[in-house]
Amino acid sequence: MNQHSFTATPHWFEELREKILSVTNDGDILIVVPPFYNIGFIALGPYLLQAIAKQHDYKVDVLHLDLLLANIIGTEDYIEIQESPTYWMLGERMFARSAFEFPQLGKDAELMTDQFHTISQTDKANMYLNHTQQADLEKYKLLEQICYQFLQKSAEVIAELNYKIVGVSLGFCNQINASIAFINQVKSFQPGAVTIIGGSYCEGEKAEALFSLSKYIDYIFEGESELSFIDFLRNTLQNRPPKQRLIKPQKEASLENLPIADYKAYAQQVKKIMGEDYYEHRVKAIWYETNRGCWWAEKAKCTFCGITEIGFRQKSIARIAQDLEEIKAQVPGKFLFFTDLIMSSGFPDKLLSYNPDMANYPVLGMQLKVSRTVQDVAKLSKINAKYILPGVEAFSTSLLKKMKKGTTGRQNIYFIRNAYCFGISTQYYLLWGLPNDTAKEYETLLEILPLIRHLQPPQLFDGAQISRDAPYFTNPDEYNIERLNYWKVYDMIFPEESDIQTVANYFVGEYKSFSYENVELIEAIQQEITHWKKVWTTTKLSMVHLMGNYMIYDSRQLNKPGMENHVVNEATAMEIMTYQRYQKGNSMALDWAIGKKLGLWIDGWYIPIITTTPELLLKFDHYQQMELEHK
């Protein structure tokens, strides 16, 4: 259903009860996935703990409260809440009354879309220029009524099952208040249950601070918990519960020896709650983990990155290959996205060397550092990597250096162009509003954007956030950041007596920034990116082989409406399709290409932006390598 005049009825309660009972199996331990988790993906953590517990003869049930709620309020409304702007904290507002007896939608709900009141009463109040949607407060209040009843009824049914331990997997913002409200309700119906919270949000000092939100949380697991979870189960189920309420991680678990999740169980639960059609068409991907930590952060952590895991470790390629085959067998037809913060260096080479036949592996998605050569992108294509989250963030080399990204603007553009040629989807972000940014870094961006509107655009162009544990947060003096404070929206969703300063994940500070002082330029860039998103799928700048020559089709409409065509011979084609160091005036072909805006000249390099087939791209790259070897 997707109506907005819902009120709980005995019939609705029975349907919820039946669904919960249909997916729980009388285990001793229950782990729930609270709203507003992204319902298009598996919550990997609970299923991993379930599999580990099974190895030790403990039965853990996983229950998707996120799916159960989406089934009641409708997937579109659920996704609207889950994907709403971060500063709204709409998911937290949906359960603020349930968790803390706040007014509906928390305090000052009418100010939810006002960045001046929810982020900071400074110039940082316009960091989300592209989030212009209005909040339908009346609809959200009706949905909040459902959320309020939903947790009560869910906890009531779960209490009937008499689990000894009831846990919550808290992964992200917008799940905190739902987790707290659920724990509170469980204790009201079943006071003897042991309540626990763990998950990726329970990192560092945030973990212990969560206790300040509810007296009914018995234990919180900080950081990695595979080993500590089993010890906790053993001791607690033998009536020897830990004395310390904060369960800190033991030594690191061996990734090589961890089991994979029961993906079939996940698929079955989705089908029972949401239906076969939803599973087939709306479940986007299956998560899988090959490594932990970030090898780049060990060298130079990106300034805006809030990850706490730095040390890098990974599974063997043999184990990864084995797991990929098993996962494809369990859930055929789904693409597999690695949860890794960054792919290990040389991963495609290792997988291809181990087994060049990719037929038994799923289509892959991953986060990685920008690949620098055509061959690198070709190898990604060979391993069926069709969805890539590259660390782009900017097309300005100087801005990237300020972020400590370890890449350049020219490499980022070249990678996006090469990935496009190989049919690889790139999901990336561009940032503005960084400390000590300059006019040139954005003026150059505005000049570049019309020239590459035939390539895949960024997902967002947003002001840079200051997240807990990011260098901007831990070392503000290094970046001349002063008066660092948490977003004011946290005062609207958490009790004033709680440890908001430590629970909060997003902060704002005062620092010198050209972009915040010249927002009109940022707005012009935003308009260009908005236009880019509208036209990129129908815009082309492409080259084809035609009767011994090469035809270039250009529909970017930079100079005049319609298509502009150019015919070049093979020598010119090879030169203008080659990424190379270049000084203007040294090549008639490159001078011509830059003049016609068929290539870019950045940092003393020529960057080809014309797209073509993978075969032609590899042919030109081969010619270039042969020429370099000959020299």
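Where a number appears in this text, it was derived from the coordinates with a stated rule and is not lab data. Note that the structure is a prediction, hence the values are computed from the model and not measured. Here the Cβ positions follow ideal geometry from the backbone for every residue, glycine too, while neighbour counts run over all protein chains shown.
A few notes on this one:
- Pairs of C-alpha atoms in region 541-630 farther apart than 22 Å represent 25 percent of all such pairs.
- With the simple model of a label 7 Å out from the Cα in the direction of the Cβ, D57 to H531 spans 7.0 nm.
- Among the DSSP helices (H) of the chain, none spans at least 15 angstrom by Cα along its long axis with an average Kyte-Doolittle hydropathy of 1.0 or more; this is a geometric and hydropathy rule only.
- Subset of K19/K59; K386/K597; K59/K272; K272/K382; K141/K284; K248/K315 violating a 27 Å alpha-carbon distance limit: K386/K597; K272/K382; K141/K284
- Annotation: amide H of D499 within the under-5 Å range of S212, sequence separation 5 or more or interchain, hydrogens built in the peptide plane.
- Set of aspartates and glutamates near K488 by C-alpha distance (under 16 Å), chain-local residues within fewer than 8 positions excluded: E92, D108, E110, D114, D123, E496, E497, D499, E510
- The alpha carbon centroids of region 227-273 and region 507-522 are separated by 44 Å.
- Amide H contacts under 5 Å for E289, placed H, 5+ residues apart: T339
- Between region 416-452 and region 375-415, the alpha-carbon center distance in angstrom: 10 Å
- Where both bridge residues fall in the chain, DSSP classifies roughly 40% of the beta bridges as antiparallel.
- Where trypsin sites (Lys or Arg not before Pro) fall in DSSP loop in region 466-548, at most 14 other Cβ within 10 Å: K512
- Globularity index of region 323-382 is 1.14 (Cα radius of gyration / 2.2 N^0.38 Å, N = number of residues).
- Exposed GluC sites (Glu not before Pro) absent - longest run of the chain, DSSP non-H/G/I/E/B, at most 13 other C-beta within 10 Å: 102-495
- Rg and Dmax of region 12-167, based on Cα coordinates, read 17.9, 56 Å.
- Note on E447 and E101: their simple-model spin labels are 6.3 nm apart, each label 7 Å out from Cα toward Cβ.
- Förster radius 45 Å - calculated FRET efficiency between K251 and D277 (Cβ-Cβ, nearest 0.05): 0.50
- Where labels lie 7 Å past Cα in the beta-carbon direction, separation of K440 and N518 in nm: 1.2 nm
- Residue-by-residue Karplus 3J(HN,Hα) for region 393-408, coefficients 6.51, -1.76, 1.60, Hz, glycine and proline x: 6, 6, 10, 9, 4, 5, 5, 5, 5, 5, 7, 6, 7, x, 9, 10
- Cut-off under 5 Å, modelled amide H: who pairs with K334 long-range: none
- Net length available on complete extension from Q580 to N239 is 115.9 nm, with 0.36 nm assigned per residue and the Cα-Cα distance removed.
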